[in-house]
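Report on one structure; see the data block that follows.
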Amino acid sequence: MDLFLQTVINGILLGGIYIVLAAGFSLVFGVLDIIDFAVGEWVMLGAFAAYFGQQYLHVDAFVFLPVVFVAFFALGYAIQPIIFRVVSTKTHLPMLMGLVFTFGLSTLMKGSALTAWGYNPRSLDTFLSDTSLALSIPGLRLFAFVFAVAATLLFIGFLYRTRTGLAIRAAAQDRDKAALMGVRVKDLASVVYGLYAGMTGMAGVLIGAIFSLSPQMGAKYTTFAFFVVVLGGLGYVPGVFVAAILLGLINTMTTVYFNASYSFLMVFLLLFLVLIIQPKGILGRGT
Amino acid sequence: MNNNATLITSLKTVVGRRPARLAVGLALGLSMLFAFSTAALAARNYYKIGVVTSLSGDYALGGNLTKRGYSTWARAVNAKGGIKVDGKRYKVKLVYADAQSNPKSGADAASRMIQSQEVDFIFGPYSSAVTLGVAPIAEKYQVPMVTGSAESPEIWKHHFNFTFGTIPSVDMTAQAPIKYLTEQSPKPGSIAVIGINDPFSKAAATGFDEAAKKTGLKVDSFDVVPTHSDFSALLSKIKDENPDILAVGGEPQDLIDVLKASASINFSPKAIVMHYGITDAGFRKEVGSTFGNYTIGITDWSPDANLKDDLFGTAKQYAQAFEKHYNLTPDYTTAACSATGEAFTAALQKIGAKPPLSRGQRVKLMKALEGIDIHTFYGPVNFAKSGAHFHDNSELKPMVVQVVDGDKYIISPAKYKQHDVVYPRPPFSKLLNKQ
C-alpha cells in the first residue's frame, strides 16, 4: 500500500512541475496563436541562469526564482515584437511561420548554449536536495509542486481578476474585436510573451534543481509541454492542471507497475485516444 | 575545332551568344578543376584519417572525448614528423564527421568520408550504437576502422572483419566492481540494476546482472529505462526492496539524475556502482563532492599505471601533455582513442603501406591489425582473432575506482591501489551536509 501511495504522490509531484511549464505555453497559443517550439530552450536557459548564479554568488538556487522571472519577462517582452511581425496577418500562413521562427529560435538557443557552455551535464543544488518527508516524499519536489501550483494560480488569478487579464482573455477570444474595443493588442502580446518566458524560466530553475542540466535538455520539455497543452485543451489554461497531473501519474504508474520502457508509449497512447474522442482536450474546453 | 564551332553555333541558336560562351567556359573550367582535384587526390604524402564520432546530440560529451583522444595522437605523431614507413615519415591529417549521436547519420557520414574524401582508414565512434551503424559501411568499402570507445559486446558478435576496438567490452569489465564488493565487509547480499536503453548501457547493466549472479548476489530488480527518464518512481520501488548495491549502466547525464533522485528519496544503499561516467573529470567536478561522492566505477587505464611507449612516454607524461593542451584530466576513453593511432601505426609499418592507400593495401592493413601485439602508454593492444570478442582488445584488465571528495582513486587491484575503499557508503544526508 505504501508503494502505491508513494507512486501516486510521485506522479502528482512530477505533474506539478509541468503545470507551470505548460500554463504559459497554453496562454501563448491561446492569445498569440504561436506554437512556441522554443519552450524547452526557455526551460534550459532558466536552469542555466540559476546554475551560473549559484556558481558565482554561492547562494541557494531557489533565490533565483524571482530573478529569473523578471529577467526572462524582460527578454520575452523584447523578443515578442519580432515574433509578432512574423505571425502578423500580412504573412501567408502565419501560424506555420510562427512555428518555423520559434524552431529557429530554439536551434539558435541550443547551439549558442552548447558553444558557450559545452556538453558536460551540470548539477544545480538546493538546501532541499536531500530532504525527504514521510513516505519518502522528496522535499524538493514537494516545494517545486507547491511553488508551481501557486505561481500558476496567481497567473490564472491575474487572467481572471484584473483588467489586463480581461484584455488578454478578450484578445485570446477574438483579436480583431478586442482591438476595436480599444485593447492595445500589440502591447498586450509583449506582456503575454514576457509572462510566458518568465514562467517557463522559473520552471527551468525548478527542473534544474531536480534533474541534471545540459544545453540539450530542452527537447524533452518541449514534448511534454505539447502533450500537456494538447491534452488539457489548446488555449485553456485550467486544463493544464488536469493534464499535467495525468502525465505525471501515467509516468510513475507505468514505471512501477508495468515497465519504465513503456511510459512514453502510455503517455502518447492516452494523447491519441483523447484527440480521437475529445479533440478539444480532456475537459472539452480547448480551442 | 569544327565540332566546337558547331557546338557554340548550336548553343547561340538556342540560348543566345553570351550565355552560350558562359556555358562553354563554365564546362571547361569545371573539367579542369575536376582533373586537377583528381590529380591532387592521387598524389598525397600524408595519411588521411576519417573520424566519425558524435559531435552533437546525446553523445556529444563522449564524442568530444574521443575527438580529443584522436587529436592528441595526431599532434604527437606529427610533432615527430609523422608515421615512419620504410625510412620516410608521413604526417597524418584527421577529417571529422559528425554522427549526430545517430547510427544512420554515422553511417551516412562514413559513407561520404570513404567515397568523397577517400580516407585511408577510420577512427571510430564514441557510442556502440553508432559503431554498429558505421561498421557495415567499413565492411562494404573495406576500410579498416578502430574505435577507441564503444564497449558493447554486440559489436564483436557480428564478426566485422574491418572493425576493431581498443577498449575491452563491458561484459568483461562490469564484473570487476561487483566481484570486488562481494569481498568486502559487511558482505552485500543483494543488488538492483538499472540500464539505460542503448546498446552500451544495457550491456553494462547485463554485465552487472551476470556478475551478481556469478558471485551469489540476489538480484532484486533489473530495469531498462529510456534515457532522460524521471527515476524517482523506479528508485522508490527499488528502495522498497532495500538492496545493498545499486548498479547503473548509463551516460553521465542519466547517472547524475539517478544520484539526485536517490538523494531526494533518501535512498542510500551500501554501494552505488556506475558505468560510464565517474571517470570523466566533468562528472566529478559537478557531483564528485556531493551526490556522486563514494560512487564506484570502472576504468581500463590510469595515468599512474606503470606503462610507457616511444610516442607518449609514460602514462603520466601522456596525461600531462593532454592536460597542458585541454586543461582537463584525460580518462580511459581518451587514452584508448590515442592508442588507436598507435595500433594503426604498428600495422602500417608492418606492411610498409604509404599514403594514399589502395583498396588492396587497406585489406592488408586489416590483416596486419589482426596480428599486432604492442605495448603502449595505454596498455597492451592485441585484437582477438576469434570468439565472442572478435577484434576486441580483450587482454586489457579493468581496474575498480572510487570517487572520494571529487577525486578518482584506484581501489583494486592491489598492485595499483591508491586509496582504501569507503564502504559502506555514507548516506546522502551526511554527504550533502558536508558542503
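All of the numbers you see were taken from the coordinates with simple rules; none came from a lab. A quick note: this is a predicted structure, and the numbers were derived from the prediction, not measured. When we count neighbours, we look across all protein chains shown, and the Cβ atoms used for this are built from the backbone with ideal geometry, even at glycine.
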query = Could you name the lysines in cross-link range of B:K367, using Cα to Cα under 20 Å and dropping any fewer than eight places away on the same chain?
reply = B:K48, B:K84, B:K140, B:K157, B:K350, B:K354, B:K385
query = Mind checking the dipole of chain B: about its Cα centre, +1 per Lys or Arg Cβ, -1 per Asp or Glu Cβ, Debye to the nearest 20?
reply = 1960 debye
note = Computed about the Cα centre, the charge dipole of the range B:198-272 from +1 Lys/Arg and -1 Asp/Glu charges at the Cβ has a magnitude in debye, to the nearest 20, of 240 debye
inquiry  = Let me confirm one metric for peptide B:249-259, namely the mean number of other chain beta-carbon atoms within 10 Å of its residues' beta-carbons.
reply    = 3
For the range A:199-233 versus the range A:107-127, the gap between their alpha-carbon centres in whole angstrom = 14 Å
ask   = Cα gyration tensor of the protein assembly as shown, axes a ≥ b ≥ c as square roots of the eigenvalues: rounded (a/c below 1.5), prolate (a/b > b/c) or oblate?
value = oblate
message = Rounded to the nearest 20 debye, what is the charge dipole size of the range B:50-192 about its Cα centre when +1 sits on each Lys and Arg Cβ and -1 on each Asp and Glu Cβ?
response = 620 debye
inquiry  = Percent of Cα-Cα pairs more than 28 Å apart in the range A:2-277, please.
reply    = 35 percent
inquiry  = Using a 10 Å cut-off around each Cβ of peptide A:115-128, what is the average number of partner chain Cβ atoms that fall inside?
reply    = 5
key: Three-way shape call for the range A:1-100 based on the alpha-carbon gyration tensor, with the a/c threshold at 1.5   = oblate
task = Mind checking which of A:A116, A:F264, A:Y77 is farthest towards the positive end of chain A's charge dipole, using Cβ charges of +1 (Lys, Arg) and -1 (Asp, Glu) about the Cα centre?
result = A:Y77
note = Log entry: pair-distance distribution for the range A:47-105, C-alpha pairs binned every 10 Å from zero, whole % per bin is 21, 32, 24, 17, 5
ask   = Given the Cα-Cα distance of A:T223 and A:L273 and 0.36 nm per residue of separation, how much length would full extension add, in nm?
value = 16.3 nm
message = Counting only helical runs of four or more DSSP H residues, what would the 222 nm mean residue ellipticity of the protein assembly as shown come to if each run contributes -39,500 (n - 2.57) and the total is spread over all its residues?
response = -19000 deg cm²/dmol
note = Excluding residues fewer than 8 positions from A:K220 in its own chain, the aspartates and glutamates with Cα under 19 Å of it are A:D36, A:E41, B:D58, B:D198, B:D230, B:E251, B:D254, B:D257
ask   = Given a cut-off of under 8 Å on Cα pairs at least six residues apart, what relative contact order in percent is computed for the range A:227-276?
value = 31 percent
Distribution of pairwise C-alpha distances over the range B:299-413, 10 Å bins, in % = 13, 38, 31, 14, 3, 0
query = Hey, how many Å between the Cα centroid of the range A:255-270 and the Cα centroid of the range B:227-265?
reply = 17 Å
query = With point charges of +1 on the Cβ of Lys and Arg and -1 on the Cβ of Asp and Glu, referenced to the Cα centre of chain B, which listed residue (B:G69, B:S268, B:Y96) lies farthest in the positive direction of the dipole?
reply = B:Y96
note = Relative contact order in percent for the range A:2-277 (Cα pairs under 8 Å, 6+ apart) equals 41 percent
task = Express the relative contact order of chain B as a whole percentage, based on alpha carbon pairs under 8 Å and six or more residues apart in sequence.
result = 17 percent
message = Quick one: 3J(HN,Hα) in Hz for the range B:262-272, Karplus 6.51/-1.76/1.60 with θ = phi - 60°, rounded, Gly and Pro as x.
response = 4, 5, 5, 9, 6, 9, 10, x, 5, 8, 10
ask   = Taking B:K430 as the anchor, which lysines have their alpha carbon closer than 29 Å to its alpha carbon, excluding any fewer than eight residues away along the same chain?
value = B:K179, B:K187, B:K218, B:K237, B:K239, B:K260, B:K270, B:K285, B:K408, B:K417
request  = Towards the positive end of the charge dipole of the protein assembly as shown, with charges on Cβ (+1 Lys, Arg; -1 Asp, Glu), say which of A:V274, B:A110, B:V403 has the farthest Cα.
outcome  = B:A110
request  = Just add up the charged neighbours of B:G189: K/R +1, D/E -1, any other residue whose Cβ is under 9 Å from the Cβ of B:G189.
outcome  = +1
Per-selection metrics, the range A:24-79 (Cα): Rg and Dmax in Å = 13.0, 40
note = With label points set 7 Å from each Cα along the Cα-to-Cβ direction at A:V70 and B:H159, the distance between them in nm comes to 7.0 nm
inquiry  = Neighbour counts of other C-beta atoms within 10 Å: give me B:M366, A:M97 arranged from fewest to most.
reply    = A:M97, B:M366
key: Overall dimensions of chain B by Cα: Rg and Dmax, Å   = 25.5, 96
key: Karplus (6.51, -1.76, 1.60) ³J(HN,Hα), θ = phi - 60°, over the range B:422-429, in Hz, Gly and Pro reported as x   = 9, 8, x, 6, x, x, 4, 4
query = Classify the range A:84-195: rounded, prolate or oblate, from the alpha-carbon gyration tensor (a ≥ b ≥ c, eigenvalue square roots; a/c under 1.5 rounded; otherwise prolate if a/b is larger than b/c)?
reply = oblate
key: Low-density loop cleavage sites - trypsin sites (Lys or Arg not before Pro) in the range A:34-125, where at most 16 other Cβ are within 10 Å (DSSP)   = A:K90
remark   = Most exposed first, judged by fewest Cβ atoms within 10 angstrom, A:L206, A:L105 run A:L105, A:L206
query = Fewest first, what order do A:H58, B:H375, B:H228 take by the number of other Cβ atoms within 10 Å?
reply = A:H58, B:H375, B:H228
